[in-house]
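Enquirer: Dropping a structure here in structure tokens format, bear with me for questions.
The values are calculated or read from the model by the stated rules, or taken from the named source; none is laboratory data. Values in this document were obtained by computation on a predicted structure and should not be read as measured data. Cβ sites come from the backbone with ideal geometry, for glycine too, and all protein chains shown count toward neighbours. With ligands, DNA and RNA removed, areas are computed over all heavy atoms of the protein, side chains included. Shrake-Rupley method; radii C 1.70, N 1.55, O 1.52, S 1.80 Å.
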Amino acid sequence: MTGPGGTAIPPGALRRLPGVPESRLDSETTAQLPQATPPPPWEAAVDAVLWVQHAARGVDATLPPGLRPRRGLRVGIGGFVRYRDTPVGSYDELLACPTLVRGGLWRLHVPLIAVDSPASLHAGRAHWALPKVLAGFAGRPEHGQLLEARGQRWWVRARIAASGPAVPARLRVSLAQVWPDGVVRAFPVTFRGRVRIARVRVAVSEDASFSGWLKSGTHLGVLLSDTHMRLPAPS
């Protein structure tokens, strides 16, 4: 289901999702949102760069009530995604997950996710409890490209250096989000396409609240091209 009772999160509750301070919605942004967006499942054509980094010390404090960090392997994930075709059209996205959480080998929580589409913002919040916020974007996830996401008083940049051939691959992660009623619901995200190994040089504005755990530096990652993504309803 996409929310309590199997329906989308109502408009009055869309602002009550846990996330970084930069994800708070103001009244001007809220007024831009559509009243409804297509429900899951979603199928999308995407290109993306995703990178892995060690979870920062003390990052557990960024998790909302109801979620606990996974013991052992402690990593986080960041990424830029270009959605070429979705039920609400094309758009760009920045996402970041500070650490793995309990419930699966690759289960993550997303407290930071920015897009340049009001329809995507509404859909992410209403159907998957993703605390999306609007931002401006530049660049595309391709070898040699410099990408940037810029919000109000924050920015993230990434330069991609891919190596080796693009090979067919399938990736799967699970996301766990907290609904306004405090219930944790999870859903898998699958990618099927072509993958190249990449080094991603990341820079994060120092005054961003998340700069302590979305780390500047060079990280190992993957460059996805000609990729199909599937996003089902939460359970």
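Enquirer: Restricted to segment 173-193, and to residues that are of a type outside the set (A, V, I, L, M, F, W, C) and out of contact with any Pro (no Cβ under 6 Å at 6 or more places or on another chain), which residue is most open to solvent (accessible area, probe 1.4 Å)? Give the steps one after another, and end with the answer.
Expert: Applying the first criterion (of a type outside the set (A, V, I, L, M, F, W, C)) to segment 173-193 yields 174, 177, 180-182, 185, 188, 190, 192-193.
After this cut, where a residue has to be out of contact with any Pro (no Cβ under 6 Å at 6 or more places or on another chain) as well, the list is 177, 180, 182, 188, 190, 192-193.
Details: Gln177: 1, Pro180: 47, Gly182: 44, Pro188: 38, Thr190: 22, Arg192: 130, Gly193: 14 Å².
My answer is Arg192.
Enquirer: Can you tell me which residue in segment 190-235 is nearest to Gln177 (Cα to Cα), limited to those that are of a type in the set (S, T, N, Q) and in contact (Cβ under 8 Å) with a residue 60 or more places away in the chain?
Expert: Checking each candidate, the answer is Ser235.
Enquirer: Also: For segment 89-116, which positions are part of a loop (DSSP other than H, G, I, E, B) and buried (at least 20 other Cβ atoms within 10 Å of the Cβ)?
Expert: Pro98, Thr99, His109, Val110, Pro111
Enquirer: If you don't mind, there's one more thing I want to ask. For the subset of segment 6-47 comprising residues that are of a type in the set (A, V, I, L, M) and part of a helix (DSSP H, G or I), which member is most open to solvent (accessible area, probe 1.4 Å)?
Expert: Looking at residues that are of a type in the set (A, V, I, L, M) and part of a helix (DSSP H, G or I), I get Ala31.
Enquirer: β-branched (Val, Ile, Thr), over 18 Å from the mean Cα position of the chain (by Cα) and more than 20 Å from Arg24 (Cβ to Cβ): is that true of Val195 in this structure?
Expert: Numbers: β-branched (Val, Ile, Thr): yes; over 18 Å from the mean Cα position of the chain (by Cα): yes; more than 20 Å from Arg24 (Cβ to Cβ): yes.
So Val195 fits the description; yes.
Enquirer: If you take the residues of segment 223-235 that are assigned to a strand (DSSP E or B), open to solvent by 30 Å² or more (accessible area, probe 1.4 Å) and not hydroxyl-bearing (Ser, Thr, Tyr), which of them is farthest from Pro111 (Cα to Cα)?
Expert: Taking the candidates together, the pick is Asp226.
Enquirer: Name every residue in segment 85-109 that is under 19 Å from Val184 (Cβ atoms), more than 14 Å from the chain's Cα centre (by Cα) and of a type in the set (Val, Ile, Thr), in order of residue number.
Expert: Val101
Enquirer: Also, I was wondering about something else. If you check Thr99 against the conditions, is it closer than 21 Å to Leu224 by Cβ and touching a strand residue (DSSP E or B) at 6+ places or on another chain (Cβ under 9 Å)?
Expert: no
Enquirer: When Trp155 is evaluated against the numbered criteria (1) of a type in the set (Phe, Trp, Tyr); (2) touching a Lys or Arg at 6+ places or on another chain (Cβ under 8 Å); (3) modelled with pLDDT of 95 or more, which criterion, by number, is the only one it fails?
Expert: The one condition Trp155 does not meet is (2).
Enquirer: Does Gly164 meet the test of being part of a strand (DSSP E or B) and on the phi > 0 side of the Ramachandran plot?
Expert: Criteria met by Gly164.
Enquirer: All but one of (1) of a type outside the set (S, T, N, Q); (2) open to solvent by 40 Å² or more (accessible area, probe 1.4 Å); (3) in contact with a Gly (Cβ under 9 Å, 6 or more places away or on another chain); (4) not in a strand (DSSP E or B) hold for Ala126; which doesn't?
Expert: (2)
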